[in-house]
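S.K.: To start, I am sharing the structure in question, which I have written as C-alpha coordinates.
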(Lines give C-alpha, C1' and ligand atoms only; values in the text may rest on other atoms or scores of the structure.)
Protein backbone atom coordinates (compact mmCIF):
# COMPACT_ATOMS: atom_id res chain seq x y z
CA UNK A 1 0.00 0.00 0.00
CA UNK A 2 1.41 3.36 -1.09
CA UNK A 3 -0.19 6.76 -0.49
CA UNK A 4 0.33 9.87 -2.63
CA UNK A 5 -0.83 13.47 -2.30
CA UNK A 6 -2.50 14.43 -5.59
CA UNK A 7 -4.36 17.12 -7.47
CA UNK A 8 -4.91 20.67 -6.31
CA UNK A 9 -2.78 20.44 -3.17
CA UNK A 10 0.32 19.57 -5.21
CA UNK A 11 -0.49 22.10 -7.92
CA UNK A 12 -1.12 24.99 -5.53
CA UNK A 13 1.99 24.23 -3.47
CA UNK A 14 4.11 24.35 -6.64
CA UNK A 15 2.50 27.69 -7.53
CA UNK A 16 3.25 29.05 -4.07
CA UNK A 17 -0.45 29.33 -3.24
CA UNK A 18 -2.11 28.35 0.06
CA UNK A 19 -3.20 24.73 0.15
CA UNK A 20 -6.82 24.68 1.34
CA UNK A 21 -7.51 20.94 1.24
CA UNK A 22 -5.58 17.79 0.51
CA UNK A 23 -6.65 14.72 -1.44
CA UNK A 24 -4.83 11.41 -1.46
CA UNK A 25 -4.74 8.40 -3.77
CA UNK A 26 -4.01 4.93 -2.46
CA UNK A 27 -2.17 2.47 -4.70
CA UNK A 28 -1.84 -1.26 -4.11
CA UNK A 29 -4.61 -1.56 -1.58
CA UNK A 30 -8.20 -2.72 -1.30
CA UNK A 31 -11.46 -1.55 0.20
CA UNK A 32 -11.28 -4.20 2.92
CA UNK A 33 -7.76 -3.18 3.90
CA UNK A 34 -8.75 0.47 4.35
CA UNK A 35 -11.85 -0.45 6.31
CA UNK A 36 -9.66 -2.62 8.50
CA UNK A 37 -7.49 0.41 9.21
CA UNK A 38 -10.60 2.27 10.42
CA UNK A 39 -11.03 4.47 7.33
CA UNK A 40 -14.69 5.43 6.80
CA UNK A 41 -16.14 4.86 3.33
CA UNK A 42 -18.04 7.84 1.85
CA UNK A 43 -17.79 7.38 -1.93
CA UNK A 44 -20.96 6.76 -3.91
CA UNK A 45 -19.65 5.89 -7.38
CA UNK A 46 -16.20 4.62 -6.38
CA UNK A 47 -14.31 3.92 -3.12
CA UNK A 48 -13.45 7.14 -1.29
CA UNK A 49 -12.61 7.04 2.38
CA UNK A 50 -12.06 9.48 5.22
CA UNK A 51 -8.88 9.11 7.26
CA UNK A 52 -9.70 8.08 10.85
CA UNK A 53 -7.72 10.98 12.33
CA UNK A 54 -7.34 13.78 9.73
CA UNK A 55 -10.69 13.11 8.00
CA UNK A 56 -9.04 13.93 4.67
CA UNK A 57 -10.20 12.06 1.57
CA UNK A 58 -8.35 8.97 0.40
CA UNK A 59 -9.42 7.32 -2.88
CA UNK A 60 -8.33 3.99 -4.28
CA UNK A 61 -6.47 4.38 -7.57
CA UNK A 62 -8.93 3.83 -10.39
CA UNK A 63 -9.49 3.68 -14.14
CA UNK A 64 -12.50 5.10 -15.96
CA UNK A 65 -13.98 3.90 -19.24
CA UNK A 66 -16.64 5.73 -21.25
CA UNK A 67 -19.70 3.53 -21.82
CA UNK A 68 -22.53 6.00 -22.56
CA UNK A 69 -23.09 9.72 -23.32
CA UNK A 70 -22.98 12.36 -20.61
CA UNK A 71 -20.74 12.97 -17.67
CA UNK A 72 -22.11 10.01 -15.69
CA UNK A 73 -21.58 7.51 -18.51
CA UNK A 74 -18.45 5.86 -17.10
CA UNK A 75 -17.52 2.40 -15.90
CA UNK A 76 -15.03 2.54 -13.04
CA UNK A 77 -12.32 -0.04 -12.31
CA UNK A 78 -10.34 0.04 -9.09
CA UNK A 79 -8.13 -2.26 -7.10
CA UNK A 80 -4.49 -2.99 -6.23
CA UNK A 81 -3.68 -3.64 -9.89
CA UNK A 82 -4.24 0.03 -10.92
CA UNK A 83 -1.01 2.02 -11.00
CA UNK A 84 -0.49 5.62 -9.97
CA UNK A 85 0.29 6.62 -13.57
CA UNK A 86 -2.97 5.06 -14.74
CA UNK A 87 -4.90 6.94 -12.07
CA UNK A 88 -3.25 10.23 -13.04
CA UNK A 89 -3.99 9.59 -16.73
CA UNK A 90 -7.76 9.90 -16.15
CA UNK A 91 -7.44 13.45 -14.76
CA UNK A 92 -8.46 16.49 -16.78
CA UNK A 93 -5.41 18.77 -16.90
CA UNK A 94 -1.69 18.09 -16.67
CA UNK A 95 -1.35 20.59 -13.82
CA UNK A 96 -3.81 18.44 -11.84
CA UNK A 97 -2.02 15.18 -12.68
CA UNK A 98 1.02 15.56 -10.44
CA UNK A 99 1.51 13.43 -7.32
CA UNK A 100 3.80 13.79 -4.32
CA UNK A 101 5.15 10.67 -2.61
CA UNK A 102 5.61 10.30 1.12
CA UNK A 103 9.34 11.09 0.73
CA UNK A 104 8.50 14.40 -0.99
CA UNK A 105 9.44 13.32 -4.51
CA UNK A 106 7.14 14.30 -7.38
CA UNK A 107 5.62 11.90 -9.88
CA UNK A 108 4.77 13.89 -13.02
CA UNK A 109 4.27 11.57 -16.00
CA UNK A 110 2.39 14.17 -18.08
CA UNK A 111 4.72 17.17 -17.61
CA UNK A 112 2.38 19.18 -15.43
CA UNK A 113 5.28 21.11 -13.90
CA UNK A 114 6.32 22.38 -17.32
CA UNK A 115 2.77 23.57 -17.97
CA UNK A 116 2.70 25.28 -14.57
CA UNK A 117 5.84 27.15 -15.53
CA UNK A 118 4.44 28.00 -18.98
CA UNK A 119 1.07 28.97 -17.47
CA UNK A 120 -0.82 26.57 -19.76
CA UNK A 121 -4.04 24.65 -19.12
CA UNK A 122 -3.55 21.50 -21.20
CA UNK A 123 -5.50 18.24 -21.27
CA UNK A 124 -3.79 15.05 -20.12
CA UNK A 125 -5.00 12.73 -22.88
CA UNK A 126 -7.54 12.44 -25.72
CA UNK A 127 -9.89 10.89 -23.14
CA UNK A 128 -10.56 14.50 -22.10
CA UNK A 129 -13.40 14.56 -24.64
CA UNK A 130 -15.32 11.86 -22.78
CA UNK A 131 -16.51 14.11 -19.93
CA UNK A 132 -18.31 17.40 -20.74
CA UNK A 133 -17.85 18.64 -17.15
CA UNK A 134 -14.21 19.16 -18.10
CA UNK A 135 -15.22 22.09 -20.29
CA UNK A 136 -16.68 23.80 -17.24
CA UNK A 137 -13.64 22.91 -15.14
CA UNK A 138 -11.17 24.26 -17.68
CA UNK A 139 -13.14 27.51 -17.86
CA UNK A 140 -13.20 27.68 -14.06
CA UNK A 141 -9.46 27.07 -13.75
CA UNK A 142 -8.90 29.75 -16.38
CA UNK A 143 -10.88 32.13 -14.16
CA UNK A 144 -9.02 31.07 -11.02
CA UNK A 145 -5.57 31.46 -12.48
CA UNK A 146 -6.20 34.39 -14.85
CA UNK A 147 -4.21 36.77 -12.65
CA UNK A 148 -1.20 34.43 -12.94
CA UNK A 149 -1.32 34.58 -16.74
CA UNK A 150 -2.69 31.09 -17.45
CA UNK A 151 -4.33 30.37 -20.80
CA UNK A 152 -6.00 27.37 -22.42
CA UNK A 153 -3.72 25.43 -24.78
CA UNK A 154 -4.89 25.71 -28.41
CA UNK A 155 -5.15 21.94 -28.76
CA UNK A 156 -7.27 21.75 -25.61
CA UNK A 157 -9.55 24.50 -26.89
CA UNK A 158 -9.91 22.54 -30.14
CA UNK A 159 -11.04 19.47 -28.19
CA UNK A 160 -13.54 21.56 -26.26
CA UNK A 161 -15.00 22.91 -29.51
CA UNK A 162 -15.27 19.37 -30.86
CA UNK A 163 -17.12 18.28 -27.73
CA UNK A 164 -19.61 21.11 -28.18
CA UNK A 165 -20.12 20.21 -31.83
CA UNK A 166 -20.73 16.58 -30.88
CA UNK A 167 -23.46 17.65 -28.47
CA UNK A 168 -21.68 16.40 -25.33
CA UNK A 169 -22.43 19.67 -23.53
CA UNK A 170 -26.15 19.05 -23.92
CA UNK A 171 -25.83 16.16 -21.46
CA UNK A 172 -24.76 18.42 -18.58
CA UNK A 173 -27.32 18.52 -15.80
CA UNK A 174 -28.46 21.81 -14.30
CA UNK A 175 -27.01 21.15 -10.85
CA UNK A 176 -23.49 20.60 -12.19
CA UNK A 177 -23.62 23.63 -14.48
CA UNK A 178 -24.62 25.83 -11.57
CA UNK A 179 -22.11 24.23 -9.19
CA UNK A 180 -19.22 25.07 -11.51
CA UNK A 181 -20.64 28.52 -12.29
CA UNK A 182 -20.99 29.42 -8.64
CA UNK A 183 -17.40 28.36 -7.98
CA UNK A 184 -16.23 30.44 -10.94
CA UNK A 185 -18.12 33.49 -9.72
CA UNK A 186 -16.09 33.35 -6.50
CA UNK A 187 -12.88 33.89 -8.45
CA UNK A 188 -11.25 37.25 -9.12
CA UNK A 189 -11.20 36.41 -12.81
CA UNK A 190 -14.87 35.36 -12.89
CA UNK A 191 -15.52 36.91 -16.30
CA UNK A 192 -12.85 34.66 -17.85
CA UNK A 193 -15.09 31.66 -17.14
CA UNK A 194 -17.70 33.04 -19.54
CA UNK A 195 -15.09 34.14 -22.08
CA UNK A 196 -13.65 30.63 -22.31
CA UNK A 197 -17.11 29.09 -22.61
CA UNK A 198 -17.92 31.50 -25.40
CA UNK A 199 -14.66 30.81 -27.22
CA UNK A 200 -15.36 27.09 -27.39
CA UNK A 201 -19.06 27.55 -28.21
CA UNK A 202 -20.39 26.15 -24.93
CA UNK A 203 -21.83 29.46 -23.74
CA UNK A 204 -24.47 29.33 -26.45
CA UNK A 205 -25.61 25.95 -25.14
CA UNK A 206 -25.30 26.51 -21.39
CA UNK A 207 -26.12 30.21 -21.10
CA UNK A 208 -27.82 31.19 -24.38
CA UNK A 209 -29.26 34.31 -22.70
CA UNK A 210 -25.75 35.64 -22.04
CA UNK A 211 -24.31 34.53 -25.36
CA UNK A 212 -27.10 36.36 -27.22
CA UNK A 213 -25.92 39.71 -25.78
CA UNK A 214 -22.73 39.73 -27.84
CA UNK A 215 -23.16 41.74 -31.02
CA UNK A 216 -26.09 43.74 -29.63
CA UNK A 217 -25.20 47.48 -29.69
CA UNK A 218 -26.04 50.14 -27.10
CA UNK A 219 -25.96 53.95 -27.45
CA UNK A 220 -22.32 55.01 -27.55
CA UNK A 221 -23.17 58.15 -25.55
CA UNK A 222 -23.89 56.02 -22.47
CA UNK A 223 -21.91 52.92 -23.37
CA UNK A 224 -18.57 53.71 -25.03
CA UNK A 225 -17.89 49.96 -25.23
CA UNK A 226 -21.09 49.68 -27.37
CA UNK A 227 -21.41 45.87 -27.32
CA UNK A 228 -23.85 44.62 -24.66
CA UNK A 229 -21.93 41.38 -24.14
CA UNK A 230 -18.75 43.30 -23.47
CA UNK A 231 -20.63 45.56 -21.06
CA UNK A 232 -22.04 42.53 -19.25
CA UNK A 233 -18.62 41.07 -18.55
CA UNK A 234 -17.26 44.50 -17.62
CA UNK A 235 -20.10 44.85 -15.11
CA UNK A 236 -19.17 41.46 -13.68
CA UNK A 237 -15.55 42.59 -13.36
CA UNK A 238 -16.70 45.64 -11.44
CA UNK A 239 -18.94 43.53 -9.20
CA UNK A 240 -15.92 41.39 -8.37
CA UNK A 241 -14.02 44.55 -7.57
CA UNK A 242 -16.80 45.90 -5.33
CA UNK A 243 -17.96 42.79 -3.50
CA UNK A 244 -17.07 39.22 -2.59
CA UNK A 245 -20.80 38.44 -2.49
CA UNK A 246 -21.53 35.93 -5.26
CA UNK A 247 -25.20 36.89 -5.46
CA UNK A 248 -24.16 40.49 -6.24
CA UNK A 249 -21.81 39.25 -8.93
CA UNK A 250 -24.48 37.09 -10.53
CA UNK A 251 -27.04 39.91 -10.45
CA UNK A 252 -24.57 42.19 -12.25
CA UNK A 253 -23.98 39.46 -14.83
CA UNK A 254 -27.65 39.03 -15.77
CA UNK A 255 -29.06 42.53 -15.25
CA UNK A 256 -29.28 43.33 -18.99
CA UNK A 257 -30.38 40.00 -20.47
CA UNK A 258 -33.46 41.65 -21.98
CA UNK A 259 -31.40 43.73 -24.41
CA UNK A 260 -30.98 40.64 -26.56
CA UNK A 261 -34.76 40.64 -27.02
CA UNK A 262 -34.83 44.15 -28.50
CA UNK A 263 -35.86 44.11 -32.20
CA UNK A 264 -33.00 45.11 -34.49
CA UNK A 265 -35.06 47.98 -35.84
CA UNK A 266 -34.92 49.61 -32.40
CA UNK A 267 -31.14 49.29 -31.92
CA UNK A 268 -29.16 50.78 -30.26
CA UNK A 269 -32.03 51.77 -27.94
CA UNK A 270 -33.52 49.18 -25.60
CA UNK A 271 -36.80 50.53 -24.32
CA UNK A 272 -38.48 48.13 -21.92
CA UNK A 273 -35.46 45.86 -21.61
CA UNK A 274 -35.86 45.78 -17.83
CA UNK A 275 -39.00 43.65 -17.86
CA UNK A 276 -37.65 41.50 -20.68
CA UNK A 277 -34.63 40.89 -18.43
CA UNK A 278 -36.86 39.88 -15.53
CA UNK A 279 -38.64 37.27 -17.67
CA UNK A 280 -35.35 35.82 -18.91
CA UNK A 281 -33.87 35.70 -15.40
CA UNK A 282 -36.90 33.84 -14.12
CA UNK A 283 -36.70 31.33 -16.96
CA UNK A 284 -32.94 30.86 -16.48
CA UNK A 285 -33.42 30.40 -12.74
CA UNK A 286 -36.01 27.71 -13.28
CA UNK A 287 -33.91 25.91 -15.89
CA UNK A 288 -30.79 25.79 -13.71
CA UNK A 289 -32.72 25.48 -10.44
CA UNK A 290 -30.97 28.46 -8.92
CA UNK A 291 -31.29 29.21 -5.21
CA UNK A 292 -34.03 31.75 -4.54
CA UNK A 293 -31.65 34.40 -3.26
CA UNK A 294 -29.89 34.57 -6.63
CA UNK A 295 -33.14 34.83 -8.57
CA UNK A 296 -34.77 37.38 -6.25
CA UNK A 297 -31.79 39.75 -6.11
CA UNK A 298 -31.25 39.51 -9.87
CA UNK A 299 -34.89 40.35 -10.57
CA UNK A 300 -34.69 43.46 -8.37
CA UNK A 301 -31.52 44.68 -10.07
CA UNK A 302 -32.85 43.99 -13.57
CA UNK A 303 -36.15 45.76 -12.87
CA UNK A 304 -34.86 48.82 -11.02
CA UNK A 305 -31.26 49.50 -12.13
CA UNK A 306 -32.37 52.28 -14.49
CA UNK A 307 -34.25 54.02 -11.68
CA UNK A 308 -31.31 53.61 -9.34
CA UNK A 309 -29.03 55.28 -11.89
CA UNK A 310 -31.49 58.20 -12.08
CA UNK A 311 -31.89 58.39 -8.30
CA UNK A 312 -31.28 62.14 -8.05
CA UNK A 313 -34.01 62.82 -10.60
CA UNK A 314 -36.64 60.67 -8.88
CA UNK A 315 -39.48 62.11 -6.84
CA UNK A 316 -39.59 61.06 -3.18
CA UNK A 317 -42.81 59.19 -3.94
CA UNK A 318 -41.02 57.11 -6.58
CA UNK A 319 -38.12 56.37 -4.25
CA UNK A 320 -40.45 55.25 -1.48
CA UNK A 321 -42.30 53.07 -3.99
CA UNK A 322 -39.06 51.33 -4.94
CA UNK A 323 -38.20 50.77 -1.28
CA UNK A 324 -41.59 49.23 -0.63
CA UNK A 325 -41.67 47.09 -3.77
CA UNK A 326 -38.19 45.71 -3.10
CA UNK A 327 -39.05 44.99 0.56
CA UNK A 328 -36.10 47.17 1.54
CA UNK A 329 -37.38 47.80 5.06
CA UNK A 330 -37.58 44.14 5.97
CA UNK A 331 -34.63 43.07 3.78
CA UNK A 332 -32.04 45.86 4.17
CA UNK A 333 -29.12 43.55 3.36
CA UNK A 334 -30.65 42.58 0.03
CA UNK A 335 -31.34 46.21 -0.86
CA UNK A 336 -27.69 47.03 -0.14
CA UNK A 337 -26.67 44.13 -2.40
CA UNK A 338 -28.88 45.47 -5.17
CA UNK A 339 -27.27 48.91 -4.93
CA UNK A 340 -23.82 47.33 -5.23
CA UNK A 341 -24.87 45.46 -8.38
CA UNK A 342 -26.24 48.71 -9.82
CA UNK A 343 -22.95 50.44 -9.11
CA UNK A 344 -21.14 47.59 -10.88
CA UNK A 345 -23.42 48.16 -13.89
CA UNK A 346 -22.62 51.86 -13.93
CA UNK A 347 -18.87 51.30 -13.61
CA UNK A 348 -18.89 48.47 -16.15
CA UNK A 349 -18.42 50.84 -19.06
CA UNK A 350 -15.34 51.60 -21.11
CA UNK A 351 -13.35 54.40 -19.52
CA UNK A 352 -15.86 54.86 -16.68
CA UNK A 353 -14.60 52.15 -14.36
CA UNK A 354 -13.61 54.61 -11.64
CA UNK A 355 -16.47 57.11 -11.79
CA UNK A 356 -18.11 58.03 -8.47
CA UNK A 357 -21.52 56.52 -7.84
CA UNK A 358 -23.24 58.70 -5.22
CA UNK A 359 -26.60 57.14 -6.09
CA UNK A 360 -25.81 54.17 -3.85
CA UNK A 361 -25.10 56.33 -0.81
CA UNK A 362 -28.16 58.50 -1.50
CA UNK A 363 -30.63 55.64 -1.83
CA UNK A 364 -29.12 53.88 1.15
CA UNK A 365 -29.60 57.05 3.17
CA UNK A 366 -33.19 57.34 1.92
CA UNK A 367 -33.92 53.79 3.03
CA UNK A 368 -32.36 54.35 6.44
CA UNK A 369 -34.21 57.63 6.98
CA UNK A 370 -37.54 56.08 6.03
CA UNK A 371 -36.89 52.92 8.04
CA UNK A 372 -36.26 55.01 11.14
CA UNK A 373 -39.88 56.16 11.05
CA UNK A 374 -41.95 53.88 13.26
CA UNK A 375 -45.61 54.00 14.41
CA UNK A 376 -45.96 56.03 17.61
CA UNK A 377 -47.83 54.75 20.67
CA UNK A 378 -50.49 57.35 19.86
CA UNK A 379 -50.86 55.92 16.34
CA UNK A 380 -51.34 52.45 17.73
CA UNK A 381 -53.83 53.62 20.37
CA UNK A 382 -55.95 55.84 18.15
CA UNK A 383 -55.93 54.26 14.71
CA UNK A 384 -56.70 50.97 12.97
CA UNK A 385 -54.11 49.03 10.97
CA UNK A 386 -54.76 50.56 7.53
CA UNK A 387 -54.72 54.07 9.02
CA UNK A 388 -51.45 53.37 10.80
CA UNK A 389 -49.92 52.13 7.54
CA UNK A 390 -51.12 55.25 5.73
CA UNK A 391 -49.66 57.58 8.37
CA UNK A 392 -46.40 55.64 8.36
CA UNK A 393 -46.22 55.87 4.58
CA UNK A 394 -46.77 59.66 4.69
CA UNK A 395 -44.11 60.24 7.34
CA UNK A 396 -41.62 58.13 5.44
CA UNK A 397 -42.37 60.13 2.33
CA UNK A 398 -41.71 63.34 4.26
CA UNK A 399 -38.39 61.98 5.57
CA UNK A 400 -37.22 61.15 2.04
CA UNK A 401 -38.37 64.58 0.78
CA UNK A 402 -36.38 66.25 3.56
CA UNK A 403 -33.29 64.24 2.60
CA UNK A 404 -33.73 65.10 -1.08
CA UNK A 405 -34.03 68.79 -0.26
CA UNK A 406 -30.61 68.72 1.39
CA UNK A 407 -28.91 67.15 -1.63
CA UNK A 408 -28.00 68.97 -4.83
CA UNK A 409 -29.97 67.27 -7.66
CA UNK A 410 -27.83 65.74 -10.36
CA UNK A 411 -28.18 63.42 -13.32
CA UNK A 412 -24.84 62.25 -14.65
CA UNK A 413 -25.51 58.56 -15.40
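The values are calculated or read from the model by the stated rules, or taken from the named source; none is laboratory data. Being a predicted model, the structure only gives us computed values, none of them experimental. Glycine also receives a Cβ, built like all others from the backbone with ideal geometry; neighbour counts cover every protein chain displayed.
S.K.: Only one residue in 168, 180, 187 is in contact with a helix residue (DSSP H, G or I) (Cβ under 8 Å, 6 or more places away or on another chain) and over 29 Å from residue 239 (Cβ atoms). Which one?
M.R.: Of 168, 180, 187, the one residue that is in contact with a helix residue (DSSP H, G or I) (Cβ under 8 Å, 6 or more places away or on another chain) and over 29 Å from residue 239 (Cβ atoms) is 168.
S.K.: Next question. Across the range 325-336, which residue is surrounded by the fewest Cβ atoms within 10 Å (Cβ to Cβ) among those that are in contact (Cβ under 8 Å) with a residue 24 or more places away in the chain and part of a helix (DSSP H, G or I)?
M.R.: The extreme case among them is 332.
S.K.: Does the range 205-217 contain at least one residue that is within 24 Å of residue 99 (Cα to Cα) and in contact (Cβ under 8 Å) with a residue 60 or more places away in the chain?
M.R.: no
S.K.: Also, I was wondering about something else. Residue check, residue 166 against (1) over 19 Å from the mean Cα position of the chain (by Cα); (2) buried (at least 17 other Cβ atoms within 10 Å of the Cβ), all met but one. Which one?
M.R.: The single condition residue 166 does not satisfy is (2).
S.K.: Just one of the numbered conditions (1) in contact (Cβ under 8 Å) with a residue 40 or more places away in the chain; (2) touching a helix residue (DSSP H, G or I) at 6+ places or on another chain (Cβ under 8 Å) is not true of residue 339; which one?
M.R.: With (1) in contact (Cβ under 8 Å) with a residue 40 or more places away in the chain; (2) touching a helix residue (DSSP H, G or I) at 6+ places or on another chain (Cβ under 8 Å) applied to residue 339, the lone miss is (1).
S.K.: Is there a residue being in contact (Cβ under 8 Å) with a residue 60 or more places away in the chain, in a helix (DSSP H, G or I) and within 23 Å of the chain's Cα centre (by Cα) anywhere in the range 347-358?
M.R.: Yes, the conditions are met somewhere in the range 347-358.
S.K.: Tally up the residues in the range 133-155 that are in contact with a helix residue (DSSP H, G or I) (Cβ under 7 Å, 6 or more places away or on another chain) and touching a residue at least 40 places away in the same chain (Cβ under 8 Å), please.
M.R.: Within the range 133-155, residues that are in contact with a helix residue (DSSP H, G or I) (Cβ under 7 Å, 6 or more places away or on another chain) and touching a residue at least 40 places away in the same chain (Cβ under 8 Å) number 12.
S.K.: I would also like to ask the following. Within the range 112-120, can one find any residue that is under 21 Å from residue 16 (Cα atoms), surrounded by fewer than 21 Cβ atoms within 10 Å (Cβ to Cβ) and over 28 Å from the mean Cα position of the chain (by Cα)?
M.R.: Yes, that holds for at least one residue.
S.K.: Sticking with this structure for a sec: Every residue in the range 311-324 that is surrounded by 17 or more Cβ atoms within 10 Å (Cβ to Cβ) and over 14 Å from residue 337 (Cα atoms), please.
M.R.: 311, 312, 314, 316, 319, 320, 322
S.K.: Any chance the range 350-373 includes a residue that's surrounded by 15 or more Cβ atoms within 10 Å (Cβ to Cβ) and at pLDDT below 95?
M.R.: yes
S.K.: Of the residues 278, 308, which single one is over 19 Å from residue 185 (Cα atoms) and either outside the structural domain of residue 331 (by TED's automatic domain parsing) or surrounded by fewer than 24 Cβ atoms within 10 Å (Cβ to Cβ) (or both)?
M.R.: Values: 308 fails: either outside the structural domain of residue 331 (by TED's automatic domain parsing) or surrounded by fewer than 24 Cβ atoms within 10 Å (Cβ to Cβ) (or both).
Just a single option satisfies the conditions, and that option is 278.
S.K.: Check whether at least one residue in the range 313-323 is out of contact with any strand residue (DSSP E or B) (no Cβ under 6 Å at 6 or more places or on another chain) and closer than 19 Å to residue 234 by Cβ, and report yes or no. First the steps, then the outcome.
M.R.: Initially, the range 313-323 is screened for residues out of contact with any strand residue (DSSP E or B) (no Cβ under 6 Å at 6 or more places or on another chain), giving 313-323.
So of that shortlist, the ones also closer than 19 Å to residue 234 by Cβ come out as none.
No.
S.K.: Just one of 89, 97 is modelled with pLDDT of 95 or more, farther than 21 Å from residue 44 by Cα and in contact with a helix residue (DSSP H, G or I) (Cβ under 9 Å, 6 or more places away or on another chain); which is it?
M.R.: 97
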